[in-house]
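Peer 1: Please read through the structure below; I'll follow up with questions.
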Amino acid sequence: MSARRHPASSSMAAVAMPLDELDRWLQQRADQRPAATSIPMLDGYVAAIVAGPVSINPLDWICPLLAVDADAFNHDGTTEFAAISAVARHHNEISNTLSTAPHRFQPMHRRKSNGDVDARPWCRGFHAAMRLRMPAWAPLLDLSNINHGLLLPILLHCVDDHGHPLLGPARKGRETEEFLRNAHTDIPMVVEAMRQYWMPTRYVRAG
């Protein structure tokens, strides 16, 4: 398969690695520094690719996501190709859901030991994909933009390169704790809202 072929290739879907196997594979190659080391991180990353401001060549986002070389796209029958195929299939599933039934979109979160939803891996995966084209995200990062709030339920779970909260230290208190505990419920809505926000400019650029 050519490395330039679009992720929608039916041959790739046929050999795609199951997501539970992909989850184990990502964990095992953490030393290769993939952008995602779990399925929740991968799910968030792919959601940002689908809903983001610009279309990105599959090579440019799948390679860092999985920590594979571009040549891996050309070798059917390998574990790397099966992983690439799984990502391509997942991309198409998210894209189809947001295009045809956005109310059915649900991020793939896991739970903490106390039973609360742990949105951090998903959100950090989303942010990792943003960093691929951060200048293109600038309008939503502008505090004066009324739509800036669309990113808040995601970025409040993210950290910078030093492990510090991306949006600064959270205020102490029960109200803040409650907000953080429930912020994940807004993520499906804001992802679709971002997709709609970028759509007029994204597809003009792609054309």
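Peer 1: Can you tell me which of (1) in a helix (DSSP H, G or I); (2) open to solvent by 10 Å² or more (accessible area, probe 1.4 Å); (3) modelled with pLDDT under 95; (4) touching a helix residue (DSSP H, G or I) at 6+ places or on another chain (Cβ under 7 Å) is the one residue 11 doesn't meet?
Peer 2: (4)
Peer 1: Conditions: (1) free of Cβ contacts under 8 Å to residues at least 24 places away in the same chain; (2) of a type in the set (A, V, I, L, M); (3) open to solvent by 50 Å² or more (accessible area, probe 1.4 Å). Residue 138 meets all but one. Number of the miss?
Peer 2: With respect to (1) free of Cβ contacts under 8 Å to residues at least 24 places away in the same chain; (2) of a type in the set (A, V, I, L, M); (3) open to solvent by 50 Å² or more (accessible area, probe 1.4 Å), residue 138 is out only on (3).
Peer 1: If you go through the stretch 67-98, how many residues are crowded, with 18+ Cβ neighbours inside 10 Å and in contact (Cβ under 8 Å) with a residue 60 or more places away in the chain?
Peer 2: Count: 14.
Peer 1: Among the residues of the stretch 105-131, write down those that are in contact (Cβ under 8 Å) with a residue 12 or more places away in the chain, in a loop (DSSP other than H, G, I, E, B) and either on the phi > 0 side of the Ramachandran plot or of a type outside the set (S, T, N, Q) (or both).
Peer 2: 105, 107, 108, 109, 116, 119
Peer 1: Is it the case that some residue within the stretch 53-66 is β-branched (Val, Ile, Thr), touching a strand residue (DSSP E or B) at 6+ places or on another chain (Cβ under 7 Å) and open to solvent by less than 70 Å² (accessible area, probe 1.4 Å)? If you could, list the steps in order and put the result at the bottom.
Peer 2: Kept after step one, since they are β-branched (Val, Ile, Thr), are these residues of the stretch 53-66: 54, 56, 62.
If we keep only those that are touching a strand residue (DSSP E or B) at 6+ places or on another chain (Cβ under 7 Å) too, we end up with none.
The answer is no, given that none of the residues of the stretch 53-66 is β-branched (Val, Ile, Thr), touching a strand residue (DSSP E or B) at 6+ places or on another chain (Cβ under 7 Å) and open to solvent by less than 70 Å² (accessible area, probe 1.4 Å).
Peer 1: Also, quick follow-up: Kindly evaluate residue 98 against the criterion of being modelled with pLDDT under 95 and farther than 16 Å from residue 42 by Cβ.
Peer 2: For residue 98, the condition - modelled with pLDDT under 95 and farther than 16 Å from residue 42 by Cβ - is not met.
Peer 1: Hey, another quick one. Can you pull out every residue in the stretch 99-125 that is open to solvent by less than 10 Å² (accessible area, probe 1.4 Å) and within 21 Å of residue 59 (Cα to Cα)?
Peer 2: Within the stretch 99-125, 125 is the sole residue that qualifies.
Peer 1: Scan the stretch 151-207 for residues that are open to solvent by less than 40 Å² (accessible area, probe 1.4 Å), at pLDDT below 85 and of a type outside the set (A, V, I, L, M) and report the count.
Peer 2: Counting residues in the stretch 151-207 that are open to solvent by less than 40 Å² (accessible area, probe 1.4 Å), at pLDDT below 85 and of a type outside the set (A, V, I, L, M) gives 3.
The values are calculated or read from the model by the stated rules, or taken from the named source; none is laboratory data. Note that the coordinates shown come from a computational prediction; the quantities given were computed from them, not determined experimentally. Note: ideal-geometry Cβ built from the backbone for every residue, glycine included; neighbour counts use all protein chains shown. Keep in mind that these areas ignore ligands, DNA and RNA; they rest on the heavy atoms of the full protein, side chains included. Shrake-Rupley method; radii C 1.70, N 1.55, O 1.52, S 1.80 Å.
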